[in-house]
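Below you'll find the structure, written out as structure tokens, and then a few comments.
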């Protein structure tokens, strides 16, 4: 049931209410935001709920009944409104993908906690530790694409943002006191630019864990199995793993069974055999007869690049240990790989390899250049 101590959240499911919400949110300098998607329940994931909280009210926006969510675009793009997320990257990726939003001025409470050196950074843990608030994450894997949503799901969704503004203020103070606010601000800016594109033109088998251990004929069979699974998942509107998991698909490609009674040995359940045996055996036969799938050629990085990358990794590990944080807090992997590739000679070139990172450049730039010269 919804908490009797809180006013009911506003349910936003028609254009007029959405326009009103946009106007209301635009009057605040700080908002809490979260999303719920159906990645565990559909072939093509989509954002199924967007939650907002202000200091006075919680709002639940229903994208499944609204044809146009552009009234929210100015909120996310407004540099004068701080958007507070917990674990912002996934939310930003999905909101960019589904609605094309542009983001400025965010605060990520999970990243803030990581920058402060906290080890347990899930929302449930952070709220309990910092605010003494208990929330229940039992509905984290619910099917948010179903309608109507139960009162329990509505309550769960609103609580994901209800306390974020208070948590933000506490973490901001801790960041300032620890001298890490500038680093946090850099990281928040970087998160605004994560890619929301889902375009992926590589062959399906390249996205299967374990494919690298297969020979070319086994890869060819795996490719046929992947093509079949993709089409089946699309028709059933299920995630790929709910048809057959990657590990089982690899075992089938290795064993290449030719009869139904051999499929169980490859790891298929009785239900999967009943549903898919004929199609799987047909895919295997096609894979045994088709022209071989070739692995894409990729040039090996040169030794100098690998030495630079290893030196940077060792340095990053030591620097992170001194700060009491995870290594990627000191330097994101993408920055480190670009630095190793570009091999900058001075601060100006180094700044180009790690854009919009003045704190990292100031604190670590000289040491990084010394490492590269060695």
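Take the Cα of residue 288, step 7 Å toward its Cβ, do the same at residue 236, and the gap between the two points is 2.4 nm. Find the centroid of the Cα atoms in the stretch 127-173 and in the stretch 191-264, then give the distance between the two in whole Å. Cα centroid of the stretch 127-173 versus Cα centroid of the stretch 191-264: 34 Å apart.
Judged by the gyration tensor of its Cα atoms, with axes a ≥ b ≥ c, the stretch 303-373 is oblate; a/c meets the 1.5 cut and b/c is at least as large as a/b.
Extension gain residue 310-residue 170, at 0.36 nm per residue separation less the Cα-Cα distance, in nm? Net length gain for the segment: 46.7 nm. The distance linking the stretch 33-76 with the stretch 351-374 is 38 Å (Cα centroid to Cα centroid, whole angstrom). Shape class for the stretch 10-191, computed from the alpha carbon gyration tensor (a ≥ b ≥ c): prolate, with a/c not under 1.5 and a/b above b/c. Using C-alpha pairs under 8 Å with a sequence gap of at least 6, the mean separation divided by the residue count of the stretch 204-289 gives a relative contact order of 36 percent. In this structure, residue 11 and residue 302 have a Cβ-Cβ separation that, at R0 = 45 Å, corresponds to a calculated FRET efficiency of about 0.20. Against the compact-protein benchmark of 2.2 N^0.38 Å, the Cα-based radius of gyration of the chain scales to 1.17. Taken over the stretch 1-98, the alpha-carbon convex hull comes to 119 cubic angstrom per residue.
For the stretch 49-140, the equivalent ellipsoid derived from the alpha-carbon gyration tensor has semi-axes of 25, 16, 13 Å in decreasing order. Cα gyration tensor of the stretch 237-278, axes a ≥ b ≥ c as square roots of the eigenvalues: rounded (a/c below 1.5), prolate (a/b > b/c) or oblate? Judged from the Cα gyration tensor, the stretch 237-278 comes out oblate (a/c at least 1.5, b/c at or above a/b).
Sorted from longest to shortest, the spans of the Cα atoms of the stretch 204-289 along the three principal axes equal 30, 27, 20 Å. Contact order for the chain, expressed relative to its length and based on alpha carbon pairs under 8 Å spaced 6+ residues apart, stands at 15 percent. Length gained on full extension, residue 40 to residue 152: 38.4 nm, using 0.36 nm per residue less the C-alpha separation. Packing here is the average count of other Cβ atoms within 10 Å per residue, and on that basis the peptides 64-72, 118-126, highest first, run 118-126, 64-72.
Read-outs: derived from the displayed coordinates by stated rules, not from any lab. Source: prediction; values computed, not measured. Because the Cβ atoms are built from the backbone with ideal geometry, glycine has one as well, and the counts that use them run over all protein chains shown.
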